[in-house]
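Trainee: Dumping the structure here so I can ask a few things about it.
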Amino acid sequence: MEGKIPMMSGMVLVIMVLSVLGGLWIADDASGQSPSIILERLEMTSLIKEHYSVTEFLSIISNPSSSSQEVVLSLNVPENGMLSNISLSMDGRTTYGHVTGKAAASETYDAAKEQGRSAVQVANPGGKGSFKVSLNLGAGKQASLRLRYEQVIVKVLGLYGYSVDCSSLKGPGNFNGLSASIWVRCNAPILEYDTTASTIDIKSERYDDRSINITHHSTPASNGVIFLKFREAAPPLNGTMLTYRNGRDAYFMHVFSPDLEGLGGSQLPKDIIFVLDHSGSMSGEKISQMKEAFSEIVGQLYEQDMFNIVIFDDRVKTYRNEMIVASLENRKDASDHIRNIYADGSTNINEALIKALDMFKESSERVPVGVFLTDGLPTAGVTSTADIRKNILNANDAGVSIYAIGFGNDVDSNFLRALSLENEGFATFIPTGKDAGSLLKGFYEGISTPLLKDLRFSYGPGASRVLPETVPGLYDGSEVIVCGMFDPGVTTLHSLVKARSSIGNVTFESDIPVSTGSGTELVARLWAHRRILSLLDSITVVGEQKELVDQIVELGIRFTFSTPYTSFILVVRADEKIQNEIPVPEDKEQGDSRIFPQVFDDDDSDEGPISFSKPDQMSSFPVLFLFMIFIISIIALIIAIAFVRGLLKRNGGNNKL
């Protein structure tokens, strides 16, 4: 028995050590593996005012671990939207982001992350509306992260349209709750509004004849899109003007929106040629979508319009030898003809577009339109997309607006966008699996009824940097928003719009007094927004040139817009100095435009329809869990010691532990 006691004592000691180490391992597993970042709640708030919207996502995010953690989120904004503000609120303090070059932002963020500091970087690596949001959150912290973007609200067929996907901000998991609120505040009476296309449960309320509020609440957060369309009372025929002064610079915004009735109830007829790609690369679903798209558009032509079709693979053919009247019979026959074509051969885009342009004749009475349906992959004839663009631009003597419709997930979108932009049109895309007819309904409606063509805008000798100065056409129910700068000493802007209508040349002229007050800041931001988008379009057309990039960077930093060449960076200051302290700009509202403080309140207060838990209210679960493990380990140790003492006592008490 005496020989067994040391062995049993050794076993007990091993058990004791293992129990303690096991408890420590469990505790380390609970904290060392870092409990996951918690996405608490998401709030979406938007204000639509003066043809402009400011949309903000506020997310409550917690880090319950004992070390800093990084979470990467993605934010998708509309293609014409631009990120304009970020801020992080924690420990009763709000830190605002600032815009800098991409390389400098990455270097600052990486240094903050290495030191365990709370920091945010927002980058726009792919351009357009996709943003990567990197948040490094300090140990045991809860923070409120705000992301804000701005966009112009487009008017089509007399209706302003706005939509927001409540899941635009995505993280590694789902948010525990969602609240959304959209405010519409107009200077003119709101005649009607519609939200029935929304895919999420909402409530809407009309406060007066110029204000609407739309809300949504869900726990856990729901995924869905809020769609809104609304119509305002008609503006004056010559348009409306807003201005802004900041002491050094002055900006204006002219909204020009005549309607069919105001112009005498007569529209301009169109000459429209469809250029249809039925090459082998269009086989399968693509050509089915193309046929559906053509039928949708040709069916909406007016009888006063004229049309023709160019059909191509490696060979180029025309439906008729010349333009034909868009009678019901001709439209039906054309639709039947296209329904019977099939995909085969190579893709000669250059020859097909040149053939189409040669069929247009210059006319002061008709609006020339080209609709190009393809996957944008040239394989025959001229195959360089840069050469094709140059050839089309040189051949477009009739001033044809070319609208490209791209099909499939492998479409050459950059080529089609550049081709359309160079020829006063735009591109739209139909992904695989989507209903082409429904997606293109709004596309054609927007260009179906031309009122004016060849518009030219000027505002007197005191105005400069006007965007745009010329517009190829204005369609019924749409508007032109012109932005520019003017001499701060100017008291009157002379607005002059020249165009051609169905009755000949027309002029819209007026002297508009300029307010001596500061005005509305959004006018300056709208000009900067337009200028940046114009420069990005230029890069799409001519390539990435240093002069264009430098202008984008300068405007992005000055007006706090994130672009493909600038990034937002934010680093929370520490209470004490840290070795190798990262240089951080003084906290200021550089990134906070404060355009609509009554809706976008940057203070963490309990006021308003939504309330959130305070940043300091961390969950106590990890601490209690570790404490319980510690107590259990102590109890196990006491029991083990008592067991060993009992064994020793039964054997005469001669050995001591």
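Trainee: Among the residues in the stretch 585-594, are any open to solvent by 30 Å² or more (accessible area, probe 1.4 Å) and at pLDDT 85 or above?
Mentor: Taking the stretch 585-594 first, the residues open to solvent by 30 Å² or more (accessible area, probe 1.4 Å) are 585-590, 594.
Filter once more, so that each one left must be at pLDDT 85 or above: none.
No.
Trainee: When ASP397 is evaluated against the numbered criteria (1) open to solvent by 20 Å² or more (accessible area, probe 1.4 Å); (2) within 20 Å of PHE360 (Cβ to Cβ); (3) in a strand (DSSP E or B), which criterion, by number, is the only one it fails?
Mentor: (3)
Trainee: Condition check: within 28 Å of THR199 (Cα to Cα), crowded, with 18+ Cβ neighbours inside 10 Å and either among the charged types (D, E, K, R) or modelled with pLDDT under 85 (or both). Does LYS286 satisfy that? Please lay out each step first, then the result.
Mentor: Working: within 28 Å of THR199 (Cα to Cα): yes; crowded, with 18+ Cβ neighbours inside 10 Å: yes; either among the charged types (D, E, K, R) or modelled with pLDDT under 85 (or both): yes.
So LYS286 fits the description; yes.
Trainee: Assess whether VAL275 counts as being touching a strand residue (DSSP E or B) at 6+ places or on another chain (Cβ under 7 Å) and surrounded by fewer than 21 Cβ atoms within 10 Å (Cβ to Cβ). Lay out the reasoning, then the answer.
Mentor: Working: touching a strand residue (DSSP E or B) at 6+ places or on another chain (Cβ under 7 Å): yes; surrounded by fewer than 21 Cβ atoms within 10 Å (Cβ to Cβ): no.
Spelling it out, it is not the case that VAL275 is touching a strand residue (DSSP E or B) at 6+ places or on another chain (Cβ under 7 Å) and surrounded by fewer than 21 Cβ atoms within 10 Å (Cβ to Cβ).
Trainee: Give just the number: which of (1) touching a residue at least 12 places away in the same chain (Cβ under 8 Å); (2) farther than 30 Å from ARG117 by Cβ; (3) assigned to a loop (DSSP other than H, G, I, E, B) does THR563 not satisfy?
Mentor: (2)
Trainee: Quick test of your reading of the structure: SER218 fulfils all but one of (1) over 30 Å from SER118 (Cα atoms); (2) open to solvent by less than 20 Å² (accessible area, probe 1.4 Å); (3) not aromatic (Phe, Trp, Tyr). Name the failing condition by number.
Mentor: (1)
Trainee: Would you check if ILE311 is open to solvent by less than 60 Å² (accessible area, probe 1.4 Å) and not in a strand (DSSP E or B)? Lay out the reasoning, then the answer.
Mentor: Working: open to solvent by less than 60 Å² (accessible area, probe 1.4 Å): yes; not in a strand (DSSP E or B): no.
No; evaluated as a whole, the condition is false for this residue.
Trainee: Are any residues in the stretch 146-175 among the charged types (D, E, K, R) and either under 23 Å from THR560 (Cβ atoms) or in contact with a His (Cβ under 7 Å, 6 or more places away or on another chain) (or both), and if so, which ones? Don't jump to the end; show me each part of the working.
Mentor: Let us first name the residues in the stretch 146-175 that are among the charged types (D, E, K, R), namely 146, 148, 150, 155, 165, 170.
Listed by number, the residues that qualify are ARG146, ARG148, GLU150.
Trainee: Filter the stretch 142-171 down to the residues that are basic (Lys, Arg) and open to solvent by less than 20 Å² (accessible area, probe 1.4 Å) and list them by number. Explain how you work it out, then say what you get.
Mentor: Within the stretch 142-171, the first condition is being basic (Lys, Arg), and the residues that meet it are 146, 148, 155, 170.
Answer for the stretch 142-171, where residues must be basic (Lys, Arg) and open to solvent by less than 20 Å² (accessible area, probe 1.4 Å): ARG146, ARG148.
Trainee: Here is a check on your reading of the model: is ASN187 open to solvent by 30 Å² or more (accessible area, probe 1.4 Å), touching a residue at least 12 places away in the same chain (Cβ under 8 Å), of a type in the set (S, T, N, Q) and closer than 17 Å to GLU479 by Cα?
Mentor: On the way: open to solvent by 30 Å² or more (accessible area, probe 1.4 Å): yes; touching a residue at least 12 places away in the same chain (Cβ under 8 Å): yes; of a type in the set (S, T, N, Q): yes; closer than 17 Å to GLU479 by Cα: yes.
So ASN187 passes the test.
Trainee: Can we say ALA139 is open to solvent by 10 Å² or more (accessible area, probe 1.4 Å) and part of a loop (DSSP other than H, G, I, E, B)?
Mentor: Numbers: open to solvent by 10 Å² or more (accessible area, probe 1.4 Å): yes; part of a loop (DSSP other than H, G, I, E, B): yes.
Considered against the rule, which asks whether it is open to solvent by 10 Å² or more (accessible area, probe 1.4 Å) and part of a loop (DSSP other than H, G, I, E, B), ALA139 comes out as yes.
Trainee: From SER84, SER66, grab the single residue that is open to solvent by 10 Å² or more (accessible area, probe 1.4 Å) and at pLDDT below 90. Steps first, please.
Mentor: On the way: SER84 fails: open to solvent by 10 Å² or more (accessible area, probe 1.4 Å).
Selected residue: SER66, the only one of SER84, SER66 that is open to solvent by 10 Å² or more (accessible area, probe 1.4 Å) and at pLDDT below 90.
Trainee: Right, next: Go over the candidates SER198, SER167, SER163, SER222 one by one and state the one that is assigned to a loop (DSSP other than H, G, I, E, B) and more than 26 Å from LEU135 (Cα to Cα).
Mentor: Values: SER167 fails: more than 26 Å from LEU135 (Cα to Cα); SER163 fails: assigned to a loop (DSSP other than H, G, I, E, B); SER222 fails: more than 26 Å from LEU135 (Cα to Cα).
Only one candidate passes the filter, namely SER198.
Trainee: Turning to a different aspect of this structure: Output the number of residues of the stretch 113-136 satisfying the condition of being open to solvent by less than 50 Å² (accessible area, probe 1.4 Å) and among the basic types (Lys, Arg).
Mentor: Quick first cut of the stretch 113-136, residues open to solvent by less than 50 Å² (accessible area, probe 1.4 Å) only: 116-124, 127, 129, 131, 133-136.
Among the residues that remain, those that are also among the basic types (Lys, Arg) are: 117.
Qualifying residue count, the stretch 113-136: 1.
Trainee: Continuing with the same structure: Can you go through LYS332, LYS317 and tell me which one is without any contact (Cβ under 8 Å) to a residue 40 or more places away in the chain, assigned to a helix (DSSP H, G or I) and of a type outside the set (Ser, Thr, Tyr)? Write out each step before concluding.
Mentor: Details: LYS317 fails: assigned to a helix (DSSP H, G or I).
On inspection, the qualifying residue turns out to be LYS332.
Trainee: I need the full set of residues from the stretch 479-492 which are within 19 Å of LEU157 (Cβ to Cβ) and open to solvent by less than 20 Å² (accessible area, probe 1.4 Å), in order please. Before you say what the answer is, go through the steps one by one.
Mentor: From the stretch 479-492, those within 19 Å of LEU157 (Cβ to Cβ) are 479-481; that's our starting set.
Hits for the stretch 479-492 are VAL480, ILE481.
Trainee: While we're looking at this one, here's another question. Between TYR302, TYR251, which is at pLDDT 85 or above, aromatic (Phe, Trp, Tyr) and open to solvent by 50 Å² or more (accessible area, probe 1.4 Å)? Lay out the reasoning, then the answer.
Mentor: Details: TYR251 fails: open to solvent by 50 Å² or more (accessible area, probe 1.4 Å).
Result of the check over TYR302, TYR251: TYR302.
Trainee: Specify which of the listed residues (LEU419, LEU455, LEU451) is touching a helix residue (DSSP H, G or I) at 6+ places or on another chain (Cβ under 8 Å), at pLDDT 85 or above and open to solvent by less than 50 Å² (accessible area, probe 1.4 Å).
Mentor: It is LEU419.
Trainee: Only one of SER534, SER510, SER495 is closer than 30 Å to GLN267 by Cα and crowded, with 20+ Cβ neighbours inside 10 Å; which?
Mentor: Details: SER534 fails: crowded, with 20+ Cβ neighbours inside 10 Å; SER510 fails: crowded, with 20+ Cβ neighbours inside 10 Å.
SER495 is the lone residue from the list that is closer than 30 Å to GLN267 by Cα and crowded, with 20+ Cβ neighbours inside 10 Å.
Trainee: For LEU357, indicate whether it is open to solvent by 10 Å² or more (accessible area, probe 1.4 Å), in a helix (DSSP H, G or I) and aliphatic (A, V, I, L, M).
Mentor: Working: open to solvent by 10 Å² or more (accessible area, probe 1.4 Å): yes; in a helix (DSSP H, G or I): yes; aliphatic (A, V, I, L, M): yes.
Taking the combined requirement at face value, the residue satisfies it.
Trainee: Suppose we filter the stretch 201-214 for residues that are in a strand (DSSP E or B) and more than 16 Å from SER53 (Cα to Cα); how many remain?
Mentor: So in the stretch 201-214, the residues in a strand (DSSP E or B) come out as 203-208, 211-214.
Next, only the ones that are more than 16 Å from SER53 (Cα to Cα) stay: 203-208.
Number satisfying all stated conditions: 6.
Trainee: Please enumerate the residues belonging to the stretch 89-99 that are out of contact with any strand residue (DSSP E or B) (no Cβ under 6 Å at 6 or more places or on another chain) and either buried (at least 19 other Cβ atoms within 10 Å of the Cβ) or farther than 13 Å from SER144 by Cβ (or both).
Mentor: Taking the stretch 89-99 and keeping what is out of contact with any strand residue (DSSP E or B) (no Cβ under 6 Å at 6 or more places or on another chain), we get 91-93, 98.
Of everything in the stretch 89-99, just one residue is out of contact with any strand residue (DSSP E or B) (no Cβ under 6 Å at 6 or more places or on another chain) and either buried (at least 19 other Cβ atoms within 10 Å of the Cβ) or farther than 13 Å from SER144 by Cβ (or both), namely HIS98.
Trainee: Those residues that are in contact (Cβ under 8 Å) with a residue 60 or more places away in the chain and either loosely packed, with under 15 Cβ neighbours inside 10 Å or farther than 14 Å from LEU419 by Cβ (or both), I need them from the stretch 364-394; list them, please.
Mentor: Once the filter is applied, which keeps residues that are in contact (Cβ under 8 Å) with a residue 60 or more places away in the chain and either loosely packed, with under 15 Cβ neighbours inside 10 Å or farther than 14 Å from LEU419 by Cβ (or both), the stretch 364-394 yields SER364, GLU365, ARG366, VAL367, PRO368, VAL369, THR379, ALA380, GLY381.
Trainee: Further question on the same structure: So which residues in the stretch 190-201 are farther than 18 Å from ARG41 by Cβ and either open to solvent by less than 80 Å² (accessible area, probe 1.4 Å) or among the polar types (S, T, N, Q) (or both), if there are any at all? Step through it out loud before you land on a result.
Mentor: Here is the first cut: in the stretch 190-201, the ones farther than 18 Å from ARG41 by Cβ are 190-199.
If the condition is that a residue be farther than 18 Å from ARG41 by Cβ and either open to solvent by less than 80 Å² (accessible area, probe 1.4 Å) or among the polar types (S, T, N, Q) (or both), then ILE190, TYR193, ASP194, THR195, THR196, ALA197, SER198, THR199 are the ones that fit.
The values are calculated or read from the model by the stated rules, or taken from the named source; none is laboratory data. Worth saying up front: this structure is predicted, and the values here are computed from it rather than measured. Glycine gets a Cβ as well: all are built from the backbone with ideal geometry, and neighbour counts include every protein chain shown. Note: areas computed on protein heavy atoms with side chains; ligands, DNA, RNA excluded. Shrake-Rupley method; radii C 1.70, N 1.55, O 1.52, S 1.80 Å.
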